[in-house]
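Have a look at the structure below, then the notes.
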Amino acid sequence: MLSLKGVSTRYGAIQALSDVSLEVAQGGIATLIGANGAGKSTTLRSIMGLAHPHSGDVLFEGKRLNRVPTHRIAALGISLVPEGRAVFANLTVAENLELGGYLQKDRNKLKRDMDHVYEVFPRLKERLAQMAGTLSGGEQQMLAIGRAIMARPRLLLLDEPSLGLAPLMVHVIFDAIARINAEGTTILLVEQNANLALHRSQHAYVLETGRIIMHGPSSVLAQDPRVKEAYLGE
Amino acid sequence: MQTFFQQLINGLSLGSIYALVALGYTMVYGVLRLINFAHGDVYMLGAYFGYYAARILHPYRVVPWIDTLAVMVASMVACGLTALLIERLAYRPVRHASRLTMLIIAIGVSLLLESLGQIVFGADPKFFPQLIPEKTWRWHGVIFTNQEMVVILVAFILMVLLNLFVYRTRTGKAMRAVSFNLDAAKLMGINTDRIISLTFVIGSSLAAAGGVLVSINIPGIDPLMGVMTGLKAFVAAVLGGIGNIFGAVLGGLILGMAEVMVAGYGSSTYRDAIAFLILIAILLFKPAGILGKGQVEKV
Ligand SMILES: Nc1ncnc2c1ncn2[C@@H]1O[C@H](COP(=O)(O)OP(=O)(O)OP(=O)(O)O)[C@@H](O)[C@H]1O
Ligand SMILES: [Mg+2]
């Protein structure tokens, strides 16, 4: 469904990604793990056209995404839940969700999609008129994911959804992710919490200073001694 | 007391003009974090476009309010198109350059418009044709002119329309999203370039309306008329909290009042000074402005 072929991206003189290749197969959950500054967010930004690879190809269902503007990539069926959530703090929860469905011009469908979000995150329904900036961290993460699925994406990119959340909330969020996946959305999950990510995915990539150093079935990587030592703290 | 109410009316009509122009500063700042120094000159262009529209339409005059509306719409459309051109040619190419670069470009555009104005329109003041014959009423000693009332009323209507647009429409919501977080807005599928262009167009047509309205009241127009008004409207936007639409309106009205009160009770020599006193005070004591939140960024 999504493939990166030899993607290299830099910020000025800083080489953030070097020759990154990866494949996300339709239907499953793939994960990309790595330490701080490994280039995980840059990988997602390069897919969405928020960062621009200087070489390599990003392909989505066979279509080359390089140089396609971000809003068009979103329209093709990819949603990103950015690192740090980036909810529109000065807009209400309802307005945030409506913006998630910005490209949906059919009001009835928009309504139905919002109802779907309330089903996944009942907590949001109680907060509709509240400014997004006043939500708790966990609620903001719910809103960011809810906003992203309003676009009915076929591929959902998640950048560290567990960041800064209490264990209980992490559970809620990951159950929701599993549900969204079960409903037919393919997922590429970026996480620093490798343990969690490996348990919740089928295929995994390990990124280290901008390079993919390992990949394979998540269950296999979870048993790999190098992964255990470097990422699982065992 | 009577003088006070008189000043209140005068302040309200002057303040409405500042508010209209301040809205453009604040909206463009909202989406681009740019102080568009050319905005005052767009207001000047608005007055001139109105002037030529009034002269062209003169033979077809119907009734004062329709004539005024026609002239205003013509000027707003012309200024909107000019803004579209300025944004495309001058600002978009440097959008990813440093903020300082953008600021310098804006100053360049301002100087360019002022020079072009002097070449094309002539440096001498022109007299705006009278669209609305003056009528005055006296009520408990306070004089109302129909021209001032038109200025206040039209400015008020425009601000209500803007508010409805920004807070009640899908595109308005997109505009607020862009001004909060550009990248996140793109992720929603919003064509942010279009929204930014539209922001310039709306801000500039409001300035154009200001340029026409001011000429109804004070008919002398000249190519440098935007310099002082532009600066004052900028102060109004900062006073209210730059980036905040209600702030721009509030700042404009306060500034208009302050200026008229200073001229009325003190000396008219100082009427221009009050804007700068306010600017200094606000930068010292509340740099985010009255309604602004958080820290103000340096430009
Ligand atoms: N806007 C930027 N300008 C310059 N360098 C950047 C920028 N964004 C990221 N980098 C650098 O690129 C490298 C990869 O950053 P990236 O944010 O992709 O890492 P990450 O794996 O997402 O890290 P984290 O786990 O901390 O989110 C880092 O060295 C970072 O300092
Ligand atoms: Mg990151």
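The table below gives the values:
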{"quantity": "Relative compactness, the stretch A:37-171, computed as alpha-carbon Rg over 2.2 N^0.38 Å", "calculated": "1.08"}
{"quantity": "Long-range amide H partners of B:ALA38 with built H, under 5 Å", "calculated": "B:SER110"}
{"quantity": "For the stretch A:86-151, radius of gyration divided by Kirkwood radius, i.e. Rg to Rh on alpha-carbons", "calculated": "0.93"}
{"quantity": "Inter-part distance where the stretch B:33-64 and the stretch A:96-129 are each reduced to a Cα centre, Å", "calculated": "43 Å"}
{"quantity": "Hull shadow area, averaged, the stretch B:29-136 [alpha-carbon convex hull, nm²]", "calculated": "8.5 nm²"}
{"quantity": "Alpha-carbon Rg with Dmax, taken over the stretch B:94-138, Å", "calculated": "18.8, 56"}
{"quantity": "Long-range HN-HN contacts of A:ASN66 with modeled amide H, under 5 Å", "calculated": "A:VAL58"}
{"quantity": "Charge dipole magnitude, Cβ of K and R +1, D and E -1 - chain A, Cα centre, debye nearest 20", "calculated": "680 debye"}
{"quantity": "Gained length - A:TYR118 relative to A:SER136, 0.36 nm times residue gap less alpha-carbon distance", "calculated": "4.8 nm"}
{"quantity": "For the stretch A:1-79, size of Cβ-based charge dipole, Lys and Arg +1, Asp and Glu -1, in debye", "calculated": "220 debye"}
{"quantity": "Ranked packing of A:213-226, B:78-91, B:264-277, most packed first, by mean Cβ within 10 Å", "calculated": "B:78-91, A:213-226, B:264-277"}
{"quantity": "Among B:ILE190, B:ILE242, B:PRO287 the positive-end extreme of the charge dipole of the protein assembly as shown (Cβ point charges)", "calculated": "B:ILE190"}
{"quantity": "Relative contact order (%) - chain A, alpha-carbon pairs under 8 angstrom, separation at least six", "calculated": "28 percent"}
{"quantity": "Cα pair count fraction exceeding 20 Å, expressed as % - the stretch A:90-234", "calculated": "52 percent"}
{"quantity": "Of every Cα-Cα pair in the protein assembly as shown, the percent that sits beyond 43 Å", "calculated": "31 percent"}
{"quantity": "Net dipole in debye of the protein assembly as shown [+1 Lys, Arg Cβ; -1 Asp, Glu Cβ; about Cα centre; nearest 20]", "calculated": "600 debye"}
{"quantity": "Å² per residue, accessible surface of the protein assembly as shown at 1.4 Å", "calculated": "45 Å²"}
{"quantity": "Sites B:LYS286 and B:ARG33 - FRET efficiency at Förster radius 30 Å, r taken between beta-carbons, to 0.05", "calculated": "0.95"}
{"quantity": "Centre separation in Å (Cα based) which lies between the stretch A:137-193 and the stretch A:25-80", "calculated": "17 Å"}
{"quantity": "Fully extended contour minus Cα-Cα distance, from B:ASN146 to B:MET228, at 0.36 nm per residue", "calculated": "27.0 nm"}
{"quantity": "Solvent-accessible area, 1.4 Å probe, carbon plus sulfur percent, for chain A", "calculated": "51 percent"}
{"quantity": "Normalised alpha carbon radius of gyration of the stretch B:20-239 [divisor 2.2 N^0.38 Å]", "calculated": "1.05"}
{"quantity": "Three-way shape label, the stretch A:1-92, alpha-carbon gyration tensor, a/c 1.5", "calculated": "rounded"}
{"quantity": "Highest-MSF residue in chain B out of B:ARG61, B:ARG92, B:ARG138 [GNM, Cα springs under 10 Å]", "calculated": "B:ARG138"}
{"quantity": "Max mean-square fluctuation residue, GNM over chain A, Cα-Cα springs under 10 Å, options A:VAL172, A:VAL20, A:VAL206", "calculated": "A:VAL172"}
{"quantity": "Percent carbon-and-sulfur accessible area, the stretch B:20-239, ignoring ligands, DNA and RNA, probe 1.4 Å", "calculated": "70 percent"}
{"quantity": "Kyte-Doolittle mean at least -0.5 and Cα axial length at least 27 Å: DSSP H helices in chain B", "calculated": "B:2-32, B:64-86, B:99-121, B:146-168, B:192-217, B:245-265"}
{"quantity": "Rg(Cα) / (2.2 N^0.38 Å) computed for the stretch A:39-104, rounded to two decimals", "calculated": "1.24"}
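The values are calculated or read from the model by the stated rules, or taken from the named source; none is laboratory data. None of these values were measured; they are calculated from a predicted model. Using ideal geometry, Cβ is built from the backbone for each residue, glycine included, and neighbour counts are taken over all protein chains shown. Surface accessibility is based on the protein's heavy atoms, side chains included, excluding ligands, DNA and RNA. Shrake-Rupley method; radii C 1.70, N 1.55, O 1.52, S 1.80 Å.
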